[in-house]
1. Please give the solvent-accessible surface of residue 332 in Å², to the nearest 10, using a probe radius of 1.4 Å with every protein chain present.
2. Hey, can you find the accessible area per residue of the stretch 161-262 for me, probe 1.4 Å, expressed in square angstrom?
3. If you wrap the stretch 281-326's Cα atoms in a convex hull and average its projection over all directions, what's the area in nm²?
4. Considering amide H positions built from the backbone, and no H for Pro or chain starts, which residues 5 or more places from residue 185, or on another chain, come under 5 Å of its amide H?
5. Using the Karplus curve 6.51 cos²θ - 1.76 cosθ + 1.60 with θ = phi - 60°, work out ³J(HN,Hα) for each residue of the stretch 280-293 in order, rounded to whole Hz, and write x for Gly and Pro.
6. Near the amide H of residue 200, under 5 Å away, which other amide H atoms are found, from residues 5 or more places off or on another chain, if H is placed in the peptide plane?
7. Label the stretch 15-144 by shape, choosing from rounded, prolate and oblate, from the square roots a ≥ b ≥ c of the eigenvalues of the Cα gyration tensor; if a/c is under 1.5 it is rounded, and otherwise prolate applies when a/b is larger than b/c, oblate when it is not.
8. Going out from 0 in 5 Å bins, what whole percent of all Cα-Cα distances in the stretch 73-303 drops into each bin?
Amino acid sequence: MSFETTGSGPGMAVLNFCRPAVQPIVAVLIATIVGGLLVLALGENPIEVYGLLISGSLVGVPNLLVTLQMMTPLLFTGLAVAISFRAGLWNIGAEGQMLVGALFAGVVGYAFPMPWFLHLPLAILAGFVGGGLWSAIPALLRVYLGVNELVVCLMLNPIALLLTGFFATHVFKAPGPTNKLPDIAPSAALPTFSVYSQVNAGIFIALACCIIFAIINVRTVRGFEWKIMGLSPRFAYYGGINVPRRAIWVMILSGGIAGLAGAEQVLGQYGAFYDNFSPGYGFDGIAVAMLANFNPIGVIVAAFLFGALNGGSGVLQMMTGLSKYLVQVLQFITVLVLAAQFSWDWLILRLFPEPPPKSPDAVEPVNATPTEA
């Protein structure tokens, strides 16, 4: 039974109104409790472990800058997934789109030297185009052949990894033992801000994209069309929306945003395209979008949380005997809770149990008056 039809009353209305914010918080709390139990089972103090995660990611300027660095690609990939889901499309191919976008940005970054005010925007645009072209494949197959985009995106991720690796090891390989493209020109590099981390101007591009799409979703006709498509494609079709065309462009736009994550990595962090550089930012973006309830502003908060966990995991491993992969366990548990959606439904059923249906024979009289003697 869906939460919209369970229970009644003003309390139920308030909980339904707060659901987009409350459900992710409940999921994080459950993941924190389960993670604490796992830490106890490993013989460590959960309070000390979580304290190290917090201090290792937020306390001190160097740690905070590392968190912002880890957060930046997750902003792009999380937003990419959120954009497509609003229109009823599951883009789980952000990893492959990011790799292709990074390759495009890396090629433009080193092969076409020009003034910085032209070179840098062109390299960023190349990353967007690369990701958009790769996402157009599942979009076209979905619209014209009815192929499920989940399957196609899942298959395209390893293909993108192998294809970009081929270009990095054979076609455009730089001299030397490392499988990479030549270094980008200085005119194509994103400005950096600190020697403590590789956080760069890409974070401002990512934040601007989140804000822009938040405005589009709530203030424009296009955003309303995407919402209707996500709720009911058939209703959108009969409402005059060109659903196939909109679906293609939404997927291309989503892939382009994921491609910007690759451009940020190449132009701002690595200075060149390296084979297999991503630790899985595209897949983490799915978790970020789910935790954000597919809201662009929520993506900022969720990406910061995941960036803090990733940033503090290194400190955790150095200071304790625990593996840094404990952070991934916490992320997986959070996604599991959100995917199951049992936490919210359980809360609704406990607080507002649905009253039993009335008997058909129990009919109350209307305007009944006492009979005179």
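The values are calculated or read from the model by the stated rules, or taken from the named source; none is laboratory data. This one's a predicted model, so the numbers in the text were calculated from it and none came from an experiment. Don't worry about glycine lacking a Cβ; one is built from the backbone with ideal geometry, like all the others, and counts go over all protein chains shown. Surface areas here come from the heavy atoms of the whole protein model, side chains and all, with no ligands, DNA or RNA. Shrake-Rupley method; radii C 1.70, N 1.55, O 1.52, S 1.80 Å.
1. Counting only protein heavy atoms, the figure is 130 Å².
2. Normalised by residue count, the accessible surface of the stretch 161-262 is 55 Å².
3. 3.2 nm²
4. Close amide H contacts, sequence-distant or interchain: 110.
5. Along the stretch 280-293, the couplings run x, 4, x, 6, 5, x, 5, 5, 4, 5, 5, 5, 7, 6 Hz.
6. Residues meeting the criterion, in which the H sits 1.01 Å from N, do not exist here.
7. Because a/c hits 1.5 or more and a/b fails to exceed b/c, the stretch 15-144 counts as oblate.
8. Going out from 0 Å in 5 Å bins, the stretch 73-303 shows 1, 8, 15, 19, 19, 16, 11, 6, 3, 1, 0, 0 percent.
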